[in-house]
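Below is one structure; the comments refer to it alone.
The values are calculated or read from the model by the stated rules, or taken from the named source; none is laboratory data. These numbers come from a predicted model, not from an experiment. Here the Cβ positions follow ideal geometry from the backbone for every residue, glycine too, while neighbour counts run over all protein chains shown. All accessible areas refer to the heavy atoms of the entire protein, side chains included, with ligands and DNA or RNA removed. Shrake-Rupley method; radii C 1.70, N 1.55, O 1.52, S 1.80 Å.
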Amino acid sequence: CLCRDGYNGDGHSCSPINLCLKSSRGGCDTNAECVYVGPGNVSCVCTDGWTGDGKVCVEINNCQLEGRGGCSPNADCNHIGPGQVGWNQFLFISRHYLFSFLVLIQILK
């Protein structure tokens, strides 16, 4: 008796193999989720901010996409990490309002 593909055992007792639990994670990229779909079979899905087939995942740089990560044409798009952007214009406005708020607090004291 021999266990079929996707199973481990001595042929008298066969247990399904979950490749996601192996050190190779079923061949999935480190930036992918390994999903067990059956004995010896997995599905690899890139995590948020990454794209690819799951076996190979590549970081998404939203600044290089057509929509420039939602940035205004009058703003610099700064790539922070996978699927994320920073807005210089937003930071400038935030600092301005924070400064104005702090000045207002001083006036009210």
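Computed on protein heavy atoms with a 1.4 Å probe, the accessible areas place Ile80, Ile17 in the order Ile80, Ile17, largest first.
Can I get the semi-axes of the range 1-55's equivalent ellipsoid? Compute them from the C-alpha gyration tensor as square roots of 5 times the eigenvalues, in angstrom, largest first.
So the equivalent ellipsoid measures 28, 8, 7 Å along its semi-axes.
For the peptides 42-49, 67-74, the ranking by packing is 42-49, 67-74, with the highest mean count of neighbouring Cβ atoms within 10 Å listed first.
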